[in-house]
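One structure below.
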Amino acid sequence: MTRDTEVLVLGGGSTGCGIARDLAMRGVDVTLVERGNLTGGTTGRMHGLLHSGGRYAVSDQASATECIEENKILRDIAGHCVEMTGGLFVQRPEDSDEYFQEKLEGCRECGIPAEVLSARESREVEPYLATDIKRSIKVPDGAIDPFRLCVANAIDAQNHGARIETHAKVIDLLRDGDDIYGVKVKHDSGPGKRTHNTAGSTEEITAEYVVNATGAWAGQIGAMADLDVEVRPSKGVMTIMNVRQVDTVVNRCRPKGDADIIVPHETTAILGTTDEEVEDPDDYPEEQWEVDHMIDTLKELVPILEEARTIRSFWGVRPLYEPPGTGTTDPTDITRDFFLLDHDDRDGVDGMASIVGGKFTTYRAMAEDITDHVCEKLGVDARCVTAEEPLPGSEDMSILNEGMDNFGLRSPVARRSKQRLGSRAQDVLDTNECNPVICQCEGVTRAEIRDAIDQSGSDLNAVRIRTRASMGNCQGGFCCHNMANELSHEYDEETVRAALDELFQERWKGERHALWGEQLSQAMLNYALHATTMNRDNDPANGSKAVDFGAFDGGRVKARTDGGE
Amino acid sequence: MSDAEQPTDSHIPGTEEFEPVDVFPEANEMDLRPGADNCYKCSTCDTNCPVAEVDDDFPGPKFQGPEQWRLKRQDDYDIDESVMKCSNCLRCDSACPSSVPLSQMHNTARAEYVEKHMSKYSREYWRNRMLANYRRLAPLGAMFPRTANFMTSLPFTGFLGEKILGIAGDRDFPTFATETFRKWWTKRGGAKVSNPDKRVAYFHGCYSNFNTPEVAKALVRVYEHFGYEIMVPEQSCSGTPMFANGMLDDARRAAETNVPELAAAIDDGADIIASCSSCSMSLRQEYPELFDIEDIERVSANTWDAIEYLRVHEDLEGALEGATVGEEFDDFAYHAPCHARNQGLDGQTVELLGLVDDVDAYDVGDSCSGISGTYGWKAENYETSMKIGEEMFEHMEHAPADTGLTECPTCSMQMGHGTGYEIRHTLEVLEAALVGSETGDA
């Protein structure tokens, strides 16, 4: 029986996209389906830390070793997604000396470069560290943009012939006896790139082999074929600060605990996190006390956090897993290792494997293991090259250094744009057209927005994760509509409006958890701007009666004569 | 924490004194990113920026300040060159509803730009350095004032200035006084009033020393009229033209002279007064924002505008009520300098002159004069400068007065340049009303 594709990957997070890329590069025909946007699950809801492995150097040395290896690989193949900030494990006076020593030795045993800094040296690196810290261990932690990385994997998979379908929700697994041979998906619109308000269709996609890479949602997928996947979703809160209080990853050097890390991420700093098991990865309480608790704890390391502005908070759900019968009660004790569940070996059901557990930093190594397994099942003999071949945008990072022009942009905007686009900068930014800044907070220009629209259709959240537009301190108040305006060349009024509403609502969702101080002022101003100036709370065009847009004239044509040129 | 609990620090002793957050080795290395927290992008600063109003290529204070800072990482130095178009009028500071430290961000960014991106061999750098360090050149002019005035008045001097240095050829160089204020003060034998209970230290700045000593003399007579003992401490430039040109090292050197001298005067019981609104602005606001020098906060807290000081400490209104100035002065077209506006002093002159019987001051509106110190002296800014000034020129011409009045030296140059009027300082009018003019050298 012929199948639509050789391998069908479920889930467009880092694992799924990594697997799709690896398979495609080994010449396997692959289709990936994702129910929302790429990174829409756990990948887009992490703190953006590229682990050195230091974090696991005491508790889980196998993971630690794997982290430092992958850390080095990602710096090579994904240079435009990584910022090597370095990291500090900071010891406060009340933290144990013994643990500090264990951490240091652990790092050395795992091949993680580690150096002890005195309190003074630590504060020279990060002036905002608390005055009473004791000392720190310096390790090669970094910051990584999970959106950019995931999208680059998907693009490269596509470049190697893969089919990537976002907004395609799996509604059933196709099972014939003891054989799983595909899925039934419901496309939000299309198939193909998303266009709002376009009728979607359902589609059966058949495959030789199905890879369930849906992480915290793996249990739900398994249940469709009566398979038990004992994933234990655990939520963690992260809070985004408006500016970078630190330019180095700052970890608390103690055995375990909530709220012990600050990651400088692009223009912001992200505070993390907590660890609490939840029943349903789509429906769990997001509570203010979790945010308060985190700021209260982390201000022991960096006191100005108490006064600093937070722009939003979000929760992510870890796809924790432990083999049945382990019986760990505290989710922080559950291993971060990943598990490949071959349902043939395990349940006697052929044609599918599920991947659970694992962590972002080692996504590529996980994908390699799983791809090896799938290739073995399919009888494909091809070597993995994902550790050597750079991702699109990271092909030649040297051109980003001196010598590349600013494309007529103001220098900080040009610098940020080039950092985001990597080696694609020339292709995207070198335009003869007028190229104004659309998102002022993050310095994103029209050319970059249009490039993202070309990739992803009318979905402005997809544009957001590709460009960072609307992710700055106004949280879209000043740019969502301008982003939507860029859609209007290709899409009709109704589509543009739906896309705008969806983006603005997504921004508001996270901002709700930061409504005090300056961000409250920001929210009030955003409200005034959108409700009053734009009349978006009572727009006649939103009602049932059609507005005759043709009746509007083109505006005043008289040239300005009042001094402006 | 007791000494016993002091962390063991095998590398460097004396950790307890180390404070990297407050001790800035150089002002242009300050981390002002947290200041961006206050900005919620409302753009009120942009709508109040006189440069952005007339120059569509200027991105405005919101970009120059919080946006540019927020996009910066610790090691990034690529400040956009447009920061050199900011005239440093500080209107954005007063306009901001949310206390974003805009001018501090601009001053620091500009210094970084000059330090990292402007060639130290360029004409622009040396021209700016010269303009910023007027204090260094002025003594030469003051030594041979007649020769200097003759030279600068020659048409080819202006032509050469524009061609060689990029100084706007249309501008007339300020004339040097035949005797500086400090020379006059020494000749006079210093203070005529001795009063340990009422002492002021006069920060005269450069312009009233070298170019308009009549303003400084007027201040002396008015203050002595109220029974003050005046001290004239050693002093250097206030730093205003240096901030505006990104020459923070020069400004720091000047501040290192000024702050200890002024602090010593405070120790002697004096408050500090200035007749130039930019000098008082600098000592009060920019000094503590940009430098970390011992006593700088104390100097800032004890500095006053000379007229403001009398309004607070004396019954200036009572003394002026019904007074007359005589023949010398007629009505004035008054322009409040931006730097007076930023100190909340923009209303006081019109109010005070309203009390005097035979003279009135007509406010010519709240626009910027456009010269902003050295800004309008640069050939490349001349046009922008005159465009900003247009509104003020127009209002001056419509006011029923033929003489201009202001408290800022460069505003007065611009006012004179745009209208051909003679421009006076408010202290000269107060002197006439309170003491009577033409009092000789007394």
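Every number here is computed from the coordinates shown, using simple stated rules; none is lab data. What you see is a predicted model; the values in this text were computed from it and never measured. So basically every Cβ, Gly included, is an ideal-geometry build from the backbone, and we count neighbours across all protein chains shown.
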**Request:** Could you estimate the translational diffusion coefficient of segment A:238-355 from the Stokes-Einstein equation, with Rh from the Kirkwood formula over C-alpha pairs, at 20 °C and 1.002 mPa s, in whole µm²/s?
**Result:** 130
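Stick to Cα atoms and the Kirkwood definition of Rh, then tell me Rg/Rh for segment A:83-135.
Working: Rg = 11.6 Å, Rh = 11.9 Å.
Checking Rg against Rh, the ratio lands at 0.97.
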**Request:** Express as a percent, rounded to the nearest 5, the fraction of DSSP beta bridges in chain A (both residues included) that run antiparallel.
**Result:** 75
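Among the listed pairs A:193/A:377; A:299/B:62; B:192/B:217; A:103/A:138, which are separated by more than 20 Å between their Cα atoms?
Details: A:193/A:377 31 Å; A:299/B:62 29 Å; B:192/B:217 12 Å; A:103/A:138 11 Å.
In this structure, A:193/A:377; A:299/B:62 lie more than 20 Å apart at Cα.
Rg/Rh for the protein assembly as shown: what does it come to with C-alpha atoms and Rh from Kirkwood?
Details: Rg = 34.1 Å, Rh = 32.2 Å.
Rounded to two decimals, Rg/Rh equals 1.06.
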**Asked** For residue A:122, what charge total do you get from the other residues with a beta carbon under 10 Å from its beta carbon, if Lys and Arg give +1 and Asp and Glu give -1?
**Response** +2
**Fill in**
In Å³ per residue, the alpha-carbon convex hull of segment B:321-434 encloses 87
**Asked** How large are Rg and Dmax for segment A:481-559 when only the alpha carbon atoms are used, in Å?
**Response** 15.4, 47
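Pairs of alpha-carbon atoms within less than 8 angstrom and 6+ residues apart define the contacts here; what relative contact order does segment B:321-434 have, in percent? Let's see the in-between values first.
Values: 202 pairs, mean separation 35.9, N = 114.
Across segment B:321-434, relative contact order equals 32 percent.
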**Request:** Would you mind telling me which residue in B:187, B:198, B:62 has the biggest mean-square fluctuation in a Gaussian network model of chain B, where springs connect alpha carbons within a distance under 10 angstrom?
**Result:** B:187
**Item:** Estimated inter-spin distance, residue A:342 and residue A:288, nm [label 7 Å along Cα→Cβ]
**Value:** 5.3
**Item:** Partners for residue A:184 among aspartates and glutamates (Cα-Cα distance below 18 Å; same-chain residues under 8 apart left out)
**Value:** A:4, A:6, A:34, A:165, A:172, A:176, A:203, A:204, A:208, A:226, A:350
**Asked** Which semi-axis lengths, in whole Å and largest first, follow from the square roots of five times the eigenvalues of the Cα gyration tensor of segment B:27-117?
**Response** 19, 15, 10
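Among B:371, B:164, B:230, A:133, which comes first, second and so on when ranked by fewest other beta-carbon atoms within 10 Å? Please list the in-between numbers first.
Values: B:371 30, B:164 10, B:230 22, A:133 27.
Neighbour counts put them in this order, fewest first: B:164, B:230, A:133, B:371.
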**Message:** At a 10 Å Cβ-Cβ cut-off, how would you order A:504, A:339, fewest neighbours first?
**Reply:** A:339, A:504
**Request:** Just report the Cα centroid separation between segment A:171-189 and segment A:29-78, whole Å.
**Result:** 28
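Out of all Cα-Cα pairs in segment B:123-165, roughly what percent, to the nearest whole number, are more than 14 Å apart? Don't skip to the end; give the middle numbers.
Working: 519 of 903 pairs.
Of all Cα-Cα pairs in segment B:123-165, 57 percent lie more than 14 Å apart.
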**Request:** For each of B:182, B:171, B:123, count neighbouring Cβ atoms within 10 Å of the residue's Cβ, then give the residues from fewest to most.
**Result:** B:123, B:182, B:171
**Asked** So which residue, out of B:312, B:299, B:350, gets the largest mean-square fluctuation from a GNM of chain B using Cα contacts under 10 Å as springs?
**Response** B:312
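Counting pairwise Cα distances across chain A, what percent come out greater than 34 angstrom? Present the calculation step by step, with values, prior to reporting the outcome.
Values: 65949 of 159330 pairs.
Value for chain A (Cα pairs over 34 Å): 41 percent.
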**Complete:** Out of A:153, A:328, A:535 - ranked by how far each Cα lies towards the positive end of the dipole of chain A, with unit charges on the beta-carbon of charged residues - the top one is A:535
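Of all DSSP beta bridges in segment B:321-434, what percent run antiparallel (nearest 5)?
Numbers: 0 of 10 bridges.
That works out to approximately 0 percent antiparallel.
Indicate the helices, whole DSSP H runs only, in chain B that combine a mean Kyte-Doolittle hydropathy of 0.0 or more with a Cα extent along their long axis of 20 angstrom or more. If you can, show how the numbers build up before the last one.
Working: long enough: B:102-117 (21 Å, -1.13); B:248-267 (27 Å, -0.26); B:382-398 (23 Å, -1.06).
The answer is none, since no helix passes both cut-offs.
How many percent of DSSP beta bridges within chain B run antiparallel, rounded to 5? Intermediate results must be reported in sequence, preceding the final value.
On the way: 1 of 22 bridges.
Bridges in chain B that DSSP calls antiparallel: roughly 5 percent.
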**Point-charge dipole on Cβ atoms (K/R +1, D/E -1) for segment A:381-461, about Cα centre, debye to 20** = 420
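Could you tell me which trypsin sites (Lys or Arg not before Pro) in segment A:355-400 are loop residues by DSSP with no more than 14 other beta carbons within 10 angstrom of their beta carbon?
Details: sites: A:359, A:364, A:377, A:383; in loops: A:359, A:383.
Sites meeting the loop and neighbour criteria: A:383.
Using the Cα atoms as the points, what is the convex hull volume per residue of segment B:28-81 in Å³?
Details: hull volume 4.8 nm³, N = 54.
It comes to 88 Å³ per residue, whole-number rounded.
How big, on average over all directions, is the shadow cast by the Cα convex hull of chain B, in nm²? Before the final figure, lay out each step's value.
Working: hull surface 97.5 nm².
Average projection, Cα convex hull of chain B: 24.4 nm².
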**Label point distance in nm, residue B:311-residue B:435, each placed 7 Å from Cα along Cα→Cβ** = 2.1
**Request:** Lys and Arg at +1, Asp and Glu at -1: add these up for the other residues within a Cβ distance under 11 Å of residue B:212 and post the number.
**Result:** 0
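In this model, which of A:418/B:120; B:85/B:116; A:169/A:418; A:134/A:359; B:120/B:387; A:169/A:359 are farther than 26 Å apart at the alpha-carbon? Spell out each step's value before the answer.
Details: A:418/B:120 28 Å; B:85/B:116 17 Å; A:169/A:418 34 Å; A:134/A:359 30 Å; B:120/B:387 30 Å; A:169/A:359 24 Å.
Too far apart for the 26 Å limit: A:418/B:120; A:169/A:418; A:134/A:359; B:120/B:387.
Over segment A:317-426, consider all pairs of different Cα atoms and compute the Kirkwood hydrodynamic radius from their mean reciprocal separation; express it in Å, one decimal.
Numbers: mean 1/r = 0.0559 Å⁻¹.
Kirkwood hydrodynamic radius for segment A:317-426: 17.9 Å.
Let me know the charge dipole size of the protein assembly as shown about its Cα centre in debye, to the nearest 20, where only the beta-carbon of Lys, Arg (+1) and Asp, Glu (-1) is charged.
Working: 97 positive and 179 negative charges, 447 e Å.
So the magnitude is around 2140 debye.
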**Request:** Beyond 25 Å, what share of the Cα-Cα pairs of segment A:407-538 is found? Please give it as a whole percent.
**Result:** 25
**Message:** Just to confirm my understanding: which cysteines in chain B have no other cysteine beta carbon less than 4.7 Å from their beta carbon?
**Reply:** B:39, B:42, B:49, B:86, B:96, B:206, B:237, B:368
**Request:** Straight distance only, please: which aspartates and glutamates reach the Cα of residue B:198 with their own Cα at less than 18 Å, same-chain residues fewer than 8 apart left out?
**Result:** B:224, B:229, B:267, B:268, B:271, B:305, B:308, B:314, B:315
